[in-house]
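Accompanying notes for the structure given below.
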DNA sequence: AAGTGTTTTAATTGGTGGTTTGAATTCCTA
DNA sequence: TAGGAATTCAAACCACCAATTAAAACACTT
């Protein structure tokens with residue numbers, strides 16, 4: 001078993017278990033035993049449980065963010081004025097594509113993102129903002145240009161409303177989908193939900209202040 | 001120290017600590033010591049930590065829900081057609097008023113609600129739905145009537161988008177407000193944020209499908 | 001005031017958590 | 001292939017946890 005193998009086995013197991021149960025509810029013993037590695041390997045390779053959690057997010061967020069930045073470069077190079085809908089579609093579709101071509105489950109990613117924002121007293125939130133904040137500020141700047149005449153404070157609040165709607169619904173997608181299936185017999189895929197989310201979010205951003 | 005005193009001291013301390021750190025990150029020892037009561041009092045009065053958590057939510061949600069139901073009764077008795085915006089205002093304002101007149105911090109309430117929904121292995125989610133689901137189904141029914149012609153599945157997804165936007169932004173109100181204050185020098189009150197949220201949510205609900 | 005049921009207390013139990021250690025093993029290079 | 005670094009391993013450590021128990025303190029009735 002090579003080094004990288006052990007490291008990625010730990011990350012794989014941690015990713016799944018964290019998404020299922022949360023961070024404090026997942027012990028290192030559970031992670032290492034499902035990964036099939038020794039308990040001490042976590043502290044050896046990552047230093048601590050906290051750093052393992054950050055590493056899980058790094059592996060998720062770096063390609064996600066890179067693909068967004070590339071997509072924004074591409075879009076901007078076109079010189080066409082970017083509509084809010086187009087930007088939202090770039091964000092969601094680009095992100096989904098980036099995750100799927102990696103073989104990662106987009107739902108799990110959203111679930112982790114949701115946990116990052118509610119658990120751990122905001123350690124993770126700060127980590128994510130400091131590491132990836134610039135890229136998302138760029139996205140926000142472009143989106144803001146697509147909504148001329150909207151007062152900046154209102155715009156930013158609505159951006160957070162959108163973030164909340166996205167993270168909340170996608171991170172509990174399974175639970176919500178199960179409820180709707182029982183009540184209406186209608187199945188919804190993640191893809192369809194994003195297609196519902198984009199126009200709804202756009203309408204929210206465009207609303208009169 | 002009378003019985004009710006001990007019980008409510010425990011609930012007060014638990015409420016604050018849970019909202020600050022989450023459930024598993026808060027030990028009974030921390031709760032009882034900040035409450036100034038003996039460790040065994042929790043298990044004596046509530047049975048277990050799990051039941052204490054439920055009790056904290058019950059104390060929060062029961063007056064909250066009761067005030068919503070009364071408001072809905074009042075509104076329905078007026079026989080006027082209810083607009084979506086009016087219903088949202090009833091929900092938010094009624095709830096805020098109910099919490100504030102109790103001397104409870106609305107933000108803390110939202111923070112707890114956020115935690116309840118993200119704890120996946122969700123005994124809390126089930127507890128809340130089974131206890132208060134009927135009242136909120138009634139609200140959803142009225143809101144749905146205010147949006148004729150909207151396909152039910154789309155409506156419900158948008159309801160969850162709205163719930164997500166609300167819980168997410170209000171539960172991290174402090175953090176978001178701090179960022180906006182730094183970037184724009186503009187302070188936002190919780191009241192103002194709700195006044196931004198209502199039209200944004202209404203626009204989302206009214207969007208073309 | 002005695003007695004009964006209730007509440008609080010302090011000490012204990014059995015268990016799990018993250019982390020550390022030092023020896024054993026594997027890997028790579030010289 | 002020999003030697004040294006990197007990695008793995010079993011075991012242990014120590015802090016902390018929820019829950020229980022039995023005795024002490026209290027409140028309330030008769």
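Here are a few things to note about the model shown:
- Per-copy distances of the residue A:47 label point, shortest first, in nm (7 angstrom along Cα→Cβ): 4.5
- If you plug the beta carbon distance of residue B:195 and residue A:5 into 1/(1 + (r/R0)^6) with R0 = 56 Å, you get a FRET efficiency near 0.55.
- Relative exposure of B:79, B:58, judged by other C-beta atoms within 10 Å (fewest first): B:79, B:58
- Residue-averaged 222 nm ellipticity for the protein assembly as shown, from DSSP H runs of 4+ at -39500 (n - 2.57), nearest 500: -26500 deg cm²/dmol
- Extension gain for residue A:58 to residue A:174 (0.36 nm times residue separation, less C-alpha to C-alpha distance): 39.3 nm.
- In nm, spacing of pseudo-spin labels at residue A:74 and residue A:104 (7 Å Cα→C-beta vector): 1.8 nm
- Across the identical copies, how the residue B:83 labels are spaced - nm, sorted shortest first, 7 Å along Cα→Cβ: 2.7
- Neighbour counts of C-beta atoms inside 10 Å place A:179, A:31 in the sequence A:179, A:31, starting with the fewest.
- Distances between copies of residue A:63, taken at a point 7 Å out from Cα along the Cα→Cβ vector and listed shortest first: 5.1 nm.
- Stretchable slack from residue A:38 to residue A:186, in nm (0.36 nm times residue separation minus alpha-carbon distance): 48.8 nm
- Nearest-ten-degree value, helix A:152-171 long axis tilted from longest Cα axis of chain A: 50 degrees
- Look at A:195, B:20 and count the other Cβ atoms within 10 Å of each Cβ; fewest to most, that gives B:20, A:195.
- Cα point-scatterer Debye curve for the protein assembly as shown, base-10 log of I(q)/I(0) at q = 0.06, 0.07, 0.09, 0.14 Å⁻¹: -0.26, -0.36, -0.60, -1.43
- Between 0 and 90°, nearest 10: helix A:123-145 axis offset from chain A longest Cα axis: 20 degrees
- Nearest 10 degrees, 0 to 90: helix B:106-118 Cα axis against chain B principal axis: 90 degrees
- Length added when fully stretched, residue B:131-residue B:86, from 0.36 nm per residue minus Cα-Cα: 13.7 nm
- Estimated distance in nm for a label pair at residue A:27 and residue B:50, the labels positioned 7 Å out from Cα along Cα-to-Cβ: 1.8 nm
Quick note: the coordinates plus some simple rules give every number you see, no bench work behind them. This one's a predicted model, so the numbers in the text were calculated from it and none came from an experiment. Here the Cβ is made from the backbone with ideal geometry for all residues, glycine too, and neighbour counts use every protein chain on show.
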